[in-house]
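Student: Following this message is one structure expressed as structure tokens.
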Amino acid sequence: MEIAKLVLEFFKVLVWPVVTLFVLVFFRAETRDLFHRLRSLRGGIAEAEFAEQAAQAREESEPTAVGAAPTADVVLPFLDELVRASHTSPEGSVRQAWQTIERQLEDVVFTLGLKRRARGHVGPLNVPYVADRLVELGLPQPVGGALKDLYRAHAQVHELGASASGAGDFIEACNNIFRQVTQFMAGRDQAC
């Protein structure tokens, strides 16, 4: 009797793995299609999340949101190329636009003699920390907030992916920030 119970318990444990394996093998085309649809659904949701973050940063960085409009002759380097690339390689154009902003912030940090990161922070430029310091020095608050939003969006672009429209918003926000930081630095130079 003990052997029969032991065999019965053994089959109870094995039944679900065997059924699962049978379903996966017998319905492998349908299962593969289901996983592909789930993956593309997740990708679509993630791209929408990135696009939402980029649009929010673009709105925050609009010159009308901060008062005086920056000069129109200051534009993000290679802006036209980035906008064109956003349709064919959205993630690459986002990375390129962000690298330009980081280089500008590095120059600003050096020029103003600011720290690149908070005490105890290890690694490259700490953008949220620098944004807060610049706001303390007179950079409009919405621009600092947009800078932080772009930082978060850029950090997630590898995971979330980027749509062409989201990349376009991201690049436009970078351009707005580039202009306003340039104007902020020019104003500081005039004040000195």
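The values are calculated or read from the model by the stated rules, or taken from the named source; none is laboratory data. From a predicted model like this one, the values you see are computed outputs, not experimental measurements. Surface areas here come from the heavy atoms of the whole protein model, side chains and all, with no ligands, DNA or RNA. Shrake-Rupley method; radii C 1.70, N 1.55, O 1.52, S 1.80 Å.
Student: Could you work out what % of the accessible surface of segment 99-167 is carbon and sulfur, using a 1.4 angstrom probe and leaving DNA, RNA and ligands out of the count?
Tutor: 52
Student: Could you provide, to the nearest whole Å², the per residue accessible area of segment 137-192 with probe 1.4 Å?
Tutor: Ligands and nucleic acids excluded, the figure is 41 Å² per residue.
Student: Could you put Val143, Val18 in order of accessible surface area, largest first, with the 1.4 Å probe and the full protein assembly present?
Tutor: From most exposed to least exposed: Val18, Val143.
Student: So how do Tyr129, Tyr151 rank on accessible area, 1.4 Å probe, biggest first, that is with the largest at the start?
Tutor: In descending accessible area the options line up as Tyr151, Tyr129.
Student: Under a 1.4 angstrom probe, counting protein chains only, how are Thr182, Thr111, Thr100 ranked by accessible area, largest first?
Tutor: The most accessible residue leads, giving Thr111, Thr182, Thr100.
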